[in-house]
Amino acid sequence: MHCPVCGDDCVTEARALLTELPERFAPCPDCMGLVYDKQSPPPDIDTAEPCPSCGKRFIDEVFAHIYRIMAEEGDLAGTEPLAAAGTPLVHPGSALRRAPYLPPGSLLLLSRSVEERAAARLVAEVPEVRGVVRAGAGTPGVRDTDTEPMTHTLLAGCDVRADVFPTLRGPVVVYKQQSALHLEFPRDRDQKILSLEREIRRRRPRTFVDACSGAGTLGLAAARAGVPHVIANDVWYAAAYWTACNLQVNREFLGIGEVTMHRSYDDLRRREVARDPLPVATAAGAQEIEVYQGDLRLLPAVLPPEVDLAALDLFEKADAGKVSQLTRAWQTRVGGAIFIP
């Protein structure tokens, strides 16, 4: 599928991605990786080359290569620990039981230290690096429609990557633009999905609303569980777009036909934060799924008369007063059961 960030076909349908996943980060018989101390600078030895048989390289050796380029460009002094280079985000992310051997184009670097010159070199010279993102001060996204959105900065390459999340009915694949959306780390048991599945077993909903969808993980899990009507919404353009994109990615698993996009990535980006909910995508088949971009406080205007279950996965979950205010307002206007993942 066409990627709106780099223009390449780097968004893969779920089944194709999952078919390759078991062997993607596994070493071949000829691989020989060195484990480095992450709390010390990398040893002063030659940069390891990718395996001549499979083209993969152990993640510690890739990070040592990244560290040396950042030190050459002055982003690191060379005395910091290896971990100071940044956070490795593999593509696709999944629950790994051992450190990965990385094929080309499988690593996104998220770093507070990296600058543009080093970022350009990393994408050009380190084959495993697909993109470099400089981390900002906060979590990407929107805390409130009255506040400025937060983002990281894509310095080089492409920052679109996928995570694979387990559900009772099988995995879902969630693509996201990492400079614009918060991190999620897949585990064997995802607590948010488990809480959703408990609520679905308890309530047997006909209609489920994920009012703060992010990239769409809970909505996809609800659809995977067979909920007939799923509505996902987010105030932030990147969340709404990638939720819609992930319907197409997982279409084979969800019992839906073609996904109709009502707004393009460029359309959404021109209005990064929305108030009045606007339709972004729809899909129908064995299930009906809708995606909106808008303020959750105004979402009831476009909802069907009966909503059985809603997830309010709020940025401000630590603010008990705000959570209580929003849930009371939702209960008054929409009704149905509410849970906070």
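Structure values in brief
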read-out	value
Difference of contour (0.36 nm per residue) and Cα-Cα distance, F185 to D276	29.6 nm
Residues in region 105-142 that a label on M32 would reach, taking backbone N under 19 Å of a point 7 Å out along Cα→Cβ	none
Surface accessible to a 1.4 Å probe, per residue, for the residues of the chain, Å²	44 Å²
Cα-centred dipole magnitude for region 32-133, charges only on beta-carbon of K, R (+1) and D, E (-1), debye, nearest 20	500 debye
Separation of the A284 and A95 label points, Cα + 7 Å toward Cβ, nm	3.7 nm
Rel. contact order, % - alpha carbon contacts under 8 angstrom, at least six apart, region 65-109	35 percent
Signed unit charges on C-beta, dipole axis of the chain, positive-most listed residue A225, M70, G170	A225
Value of [θ]222 nm, deg cm²/dmol, for the chain, DSSP H segments ≥ 4, -39500 (n - 2.57) each, nearest 500	-8000 deg cm²/dmol
Given charges at beta-carbon only (K, R positive; D, E negative), |dipole| of the chain in Debye	1320 debye
Charge dipole (debye, nearest 20) of region 242-340; +1 at Cβ of Lys and Arg, -1 at Cβ of Asp and Glu	360 debye
Distance (nanometres) between label positions extended 7 Å along Cα→Cβ at T260 and E306	2.5 nm
Rough spin-label spacing in nm, given labels placed 7 Å along Cα→Cβ, for T153 and E116	0.9 nm
Sequence-distant lysines (8 or more away, or on other chains) whose Cα lies within less than 30 Å of K56	K38, K176
Label-zone membership for region 291-305, site Q325, 7 angstrom Cα→C-beta point, backbone N under 13 Å	297
Accessible surface of region 1-128 [probe 1.4 Å, protein heavy atoms]: carbon and sulfur percent	51 percent
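The values are calculated or read from the model by the stated rules, or taken from the named source; none is laboratory data. Not measured: the values here are computed from a predicted model. All Cβ positions, glycine included, derive from the backbone under ideal geometry; neighbour counts span all protein chains shown. To get the accessible areas, we keep the full protein, side chains included, count just its heavy atoms, and leave off ligands, DNA and RNA. Shrake-Rupley method; radii C 1.70, N 1.55, O 1.52, S 1.80 Å.
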